[in-house]
1. Could you go through region 306-317 in sequence order and give the Karplus-derived ³J(HN,Hα) for each residue, using 6.51 cos²θ - 1.76 cosθ + 1.60 with θ = phi - 60°, rounded to whole Hz, and x for Gly and Pro?
2. Taking Cα pairs under 8 Å and at least six residues apart, what relative contact order does region 24-104 come out at, in percent?
3. Under the Karplus relation 6.51 cos²θ - 1.76 cosθ + 1.60, θ = phi - 60°, what is the ordered set of whole-Hz ³J(HN,Hα) values for region 85-99, x standing for Gly and Pro?
4. May I ask for the net charge around Lys55, where only other residues with Cβ less than 13 Å from the Cβ of Lys55 are counted and Lys, Arg are +1 while Asp, Glu are -1?
5. So how strong a dipole does region 149-233 carry about its Cα centre when Lys and Arg Cβ are +1 and Asp and Glu Cβ are -1, to the nearest 20 debye?
6. Tell me, what HN-Hα J-couplings in whole Hz come from the Karplus equation 6.51 cos²θ - 1.76 cosθ + 1.60 at θ = phi - 60° for each residue of region 269-283, using x for Gly and Pro?
7. Let me know the charge dipole size of region 217-290 about its Cα centre in debye, to the nearest 20, where only the beta-carbon of Lys, Arg (+1) and Asp, Glu (-1) is charged.
8. Report relative contact order for region 213-312 in percent, whole number only (criteria: Cα-Cα under 8 Å, sequence separation at least 6).
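Read-outs: derived from the displayed coordinates by stated rules, not from any lab. Quantities reported herein were computed from a predicted structural model and do not represent experimental measurements. As a convention, Cβ positions derive from the backbone with ideal geometry for all residues, glycine included, and neighbour counts pool all protein chains shown.
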Amino acid sequence: MLRAQEILNRLGATRHAENHPYEKLMILVDYIAENMEGNENDEANIHEVIFAARKNISETILHLESENNIKHTTRELCPRVRGVDQKDANMMMSMFLLSPETTVKMMTEARLENNDDPELQDNSEDLSEEEKAYQQKVEAGKRAQYERALKLLSGKELAFAAYESVQGDIENDKLNLMGYLQDDIPGKNPIGDALESCEPGFFESVFRTTSKEYKNFKATFEARQKGGASREELDGAAKAYLMHKIPGYKGDGLPTEEQMSKLSGTSRNRALLCLKTLQANQRSRRYEEKLNIINTVAKSNIEDGGLTDTFKQMRNDNSDLGPLVNEIDNQPENQAKFQQNLANDVNDNKIQSNEQGLSDDNDPVLKEEDIALE
């Protein structure tokens, strides 16, 4: 089954990363092919998996530049990797940042057409008949996996853009919060476990002494997960609870370790969840700003490589609104209206390159002060 947390575990850390960004991209391609179920779960989870992987790979790019003390301006998004042409790797990374699902689909297609997966290559010389039969069985299984993945990824350009437009900031906050929580609450569901640790005890439930500040934070937190509250509203609710529990804290910045250490029990669990929510949201804002910067660099790389029209055609060819429209509304007139509105967004470049609020600089570069995520 495709799971965002599992692909993040496969990709590994973004700081001092063991895997190169391009290698991580190849890990993502293989992960999707190898972990599909061939049912509705794949459709339900593919956007979240791709979104999480792009976040991990983008942060790896930012941290690699920072860790290597880059003192000059650069337009290389992909440090050198053995066995891969640097220009090709940089171009593929640029495309992935701007159009992740379509790029992964293209790379999956290459697995099948170019036989660049060692397990899909013909190494049958000097093999016994039994070994040849086994190899053919393995190859057939691998090909079937990539063919299913190719089918899943086909037609997803606008569907992913719509997902990102609606869910992007929420998913970013959630992934960052999970990262902050996992040190204290390891497991598959750190957010759910954190909320459970904040539940009122027996006497608090009986006497109904839960503060209105925590009730408001929990309600806002849960609404945020469903898109019913903004990041700013959640920040306000978190700070209100912390001001309620911590004498002297006025909501400016974050509470100190000394202030937090004075809390205990359920109150401390709640305060920690509020604190880490604020930290996660801060990180989201920084990441979104940095992603805009490297997206500008990626767009210029494609333009300089003379691939603007090719890239646009590739994305257009991978656009199919049928399943998405049917899920939203079965009325033909509403389907047509939704499709036109979303198509207009693309034509206006609202979702083409994630370029909201970007500079129009004709020669964007990635500067040292731009690359550190924190």
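1. My calculation for region 306-317 gives x, 10, 4, 5, 4, 5, 5, 5, 4, 6, 4, 5 Hz in order.
2. Values: 32 pairs, mean separation 25.8, N = 81.
Relative contact order, region 24-104: 32 percent.
3. So the J values, rounded to whole Hz, are 4, 4, 5, 5, 5, 5, 5, 5, 5, 4, 5, 5, 4, 7, 8.
4. On the way: positive: Lys24, Arg54, Lys174, Arg283, Arg286, Lys290; negative: Glu48, Glu59, Glu164, Asp169, Glu171, Asp173, Glu288.
Residues near Lys55 contribute -1 overall.
5. On the way: 11 positive and 15 negative charges, 66 e Å.
Using only the charged Cβ atoms, the result is roughly 320 debye.
6. For region 269-283, the Karplus-derived couplings read 4, 5, 5, 5, 5, 5, 4, 6, 5, 5, 5, 4, 5, 4, 5 Hz, x marking Gly and Pro.
7. Numbers: 15 positive and 9 negative charges, 38 e Å.
Computed charge dipole of region 217-290: roughly 180 debye.
8. Working: 56 pairs, mean separation 21.2, N = 100.
This gives 21 percent for region 213-312.
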